[in-house]
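The values are calculated or read from the model by the stated rules, or taken from the named source; none is laboratory data. Keep in mind that what you see is a predicted model, and the values were worked out from it rather than measured. FYI the Cβ positions are ideal-geometry reconstructions off the backbone, even for glycines, and counts take in every protein chain you see. Side chains are part of the model used for accessible areas, which takes the heavy atoms of the whole protein and leaves out ligands, DNA and RNA. Shrake-Rupley method; radii C 1.70, N 1.55, O 1.52, S 1.80 Å.
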Amino acid sequence: MHCFMKEVTFIRQNIAKWRSAELVAESIGEADAAQLADTYIDVTSDLAFAQTHYPDSKITRYLNNLASALHNEIYRSHRYRWQSLLTFWTHDVPLTMWEARRELLLSFTIFAVSAFVGFLSQMLDPEFCRIILGDNYVDMTLQNIAQGEPMAVYSGDSADSMFGSITLNNVRVSFVAFALGVLTSVGTGFVLFQNGVMLGAFQTLFAQHGLLWQSALAIWLHGTLEISSVVVAGAAGLAMGNGWLFPGTYPRLVSFRRGARRGLRIVVGTVPLFVVAGFIESFLTRHTEWPDLLRLAIIGASLAFVVYYFIVLPRIRHQEYGERTD
């Protein structure tokens, strides 16, 4: 009797959602790609739950049929919708960012606090930067400052070679931050903390030599996109890790898979930003002779894009499509 009541509760809690899913499955090519994909994920997750707890129930057979219908609709949609890639960037990623807005706030908070830790540590101990950045890098930076070229680190190699190596490294860092979410968010938090402390200490090192403004213009010219992308990638890792830590009503493994899919969608969405950031760092940051106003304009435009794409647009898409069941 207890199991029967649990099944009844499960049905009551989700029947409205399944009825909506039926309408989506019957849309015959008219459903939005993001809505279709998310409906399919929700139904298959419920199906996994039903198969675990009610393997011989009619509701399990019903969900299996509904999932099959949605799968067929997705297949038909992918065959005939050539704009699916554009839809991914303009709808899927923003909608996923709305779902992960709490993880994004947490990721930003961890990074900001760790940057302050780096700043405070460097202020209290001018040698602290050697611990976090390494002696070779600090000695090179101090030598550049002594020679009157504090930003020479950004012009030491050819722009072409820098672009490839910087972009690949940035993408690697983002995927590491995401992948370490497997360690229940702790690994992702560590990557965010490490990068935040490095930034805080590095910026403070220049400030201690009277180069705060000059270094900020150079660092944030590319860093606005680069660092923002690291924070977003951190949110992706936290989304995956939290799926394991806080499964809610789903089996832990199902919840983890949902979090992993959400996180992967987010981290893939950061790749173009890392490419643009790598281009700016390789080809533009080296031009410290450019007017401050021009460099400030680039920083401002980068910041405006980040705020719009990862904060404003997700809210707009959420209002368009309504609350998506997580």
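Overview of values
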| quantity | calculated |
| --- | --- |
| Subset of the stretch 258-285 (residues that are closer than 23 Å to L296 by Cα, of a type in the set (V, I, T), part of a helix (DSSP H, G or I) and open to solvent by less than 50 Å² (accessible area, probe 1.4 Å)) | T270, I280 |
| Among (1) in contact with a Phe, Trp or Tyr (Cβ under 9 Å, 6 or more places away or on another chain); (2) closer than 23 Å to L217 by Cα - the single one L104 does not satisfy | (2) |
| A218 vs. criteria farther than 30 Å from R257 by Cα, buried (at least 22 other Cβ atoms within 10 Å of the Cβ) and at pLDDT 95 or above | no |
| Selected residue (only one of S228, S255 is open to solvent by less than 30 Å² (accessible area, probe 1.4 Å), more than 30 Å from A297 (Cβ to Cβ) and of a type in the set (G, A, S)) | S255 |
| Evaluation of G300 against (1) in a helix (DSSP H, G or I); (2) crowded, with 19+ Cβ neighbours inside 10 Å (one fails), failing number | (2) |
| Pairs where the first residue, in the stretch 46-57, is in a loop (DSSP other than H, G, I, E, B) and the second is surrounded by 15 or more Cβ atoms within 10 Å (Cβ to Cβ), C-beta under 6 Å, 6+ apart | Y54/E7; Y54/T60 |
| Complete set of residues in the stretch 142-199 that are more than 22 Å from I280 (Cβ to Cβ), assigned to a loop (DSSP other than H, G, I, E, B) and either modelled with pLDDT under 85 or in contact with a Pro (Cβ under 6 Å, 6 or more places away or on another chain) (or both) | T184, S185 |
| The stretch 85-136 - residue that is without any contact (Cβ under 8 Å) to a residue 24 or more places away in the chain and not in a helix (DSSP H, G or I) and, of those, most open to solvent (accessible area, probe 1.4 Å) | E127 |
